Amino acid sequence: MIVRIMGQGQWVLQPEDLLELNELDRVFEERVEAGDEPGMIAALAALGEGIRRVGVEVPADMIAESDLVLPDIDVKLEEVRELLRSTTEYYGLIPDAEDELNEADAESTGL
């Protein structure tokens with residue numbers, strides 16, 4: 001999975017990387033639901049740091065389509081709410097690790 005952090009670049013994540021990121025995403029979701037914009041921004045920054053820590057950066061000269069796009073840190077609460085409403089496969093910015101791990105297992109076994 002390739003994740004773009006707006007204004008910063010792209011990182012490749014493995015399904016197992018999502019385990020750690022799901023907790024950061026959960027905190028982000030809670031801050032959005034609570035209407036806590038400063039807390040949301042802090043949680044978004046932590047999520048971006050987590051992606052940069054566990055992911056492998058895509059070289060700047062390589063063109064790759066992003067599977068997910070993390071908003072820029074100056075995003076507004078209402079913009080994030082709209083983004084989350086438009087996400088139909090899962091809630092939050094990051095897919096659930098369990099679903100991604102199951103999908104990766106199915107692909108590796110040819111199912």
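The values are calculated or read from the model by the stated rules, or taken from the named source; none is laboratory data. Note that this is a predicted model, so its numbers are computed, not measured. Positions of Cβ are backbone-derived with ideal geometry, glycine not excepted, and every protein chain shown enters the neighbour counts.
Brief remarks on what is shown
- Flag for V12 being out of contact with any Asp or Glu (no Cβ under 9 Å at 6 or more places or on another chain) and either modelled with pLDDT of 95 or more or not polar (S, T, N, Q) (or both): no
- For beta carbons closer than 9 Å, sequence separation of 6+ or different chains, a first residue in region 66-77 that is in a loop (DSSP other than H, G, I, E, B) and a second that is of a type in the set (D, E, K, R), the qualifying pairs are S66/R4; D67/R4; P71/E79; K76/E37.
- Residue match in region 84-102 (condition: at pLDDT below 90, farther than 20 Å from E29 by Cα and of a type outside the set (F, W, Y)): yes
- Scanning region 1-11 for residues that are farther than 13 Å from A60 by Cα and surrounded by fewer than 21 Cβ atoms within 10 Å (Cβ to Cβ) yields M1, I2, M6.
- Number of the exception - I41 against (1) in contact (Cβ under 8 Å) with a residue 40 or more places away in the chain; (2) assigned to a helix (DSSP H, G or I): (1)
- Options R26, R85: the member that is part of a helix (DSSP H, G or I) and out of contact with any Gly (no Cβ under 9 Å at 6 or more places or on another chain): R85
- P38 meets all of the listed conditions (1) surrounded by 14 or more Cβ atoms within 10 Å (Cβ to Cβ); (2) farther than 20 Å from A97 by Cα; (3) not aliphatic (A, V, I, L, M) but one, namely (1).
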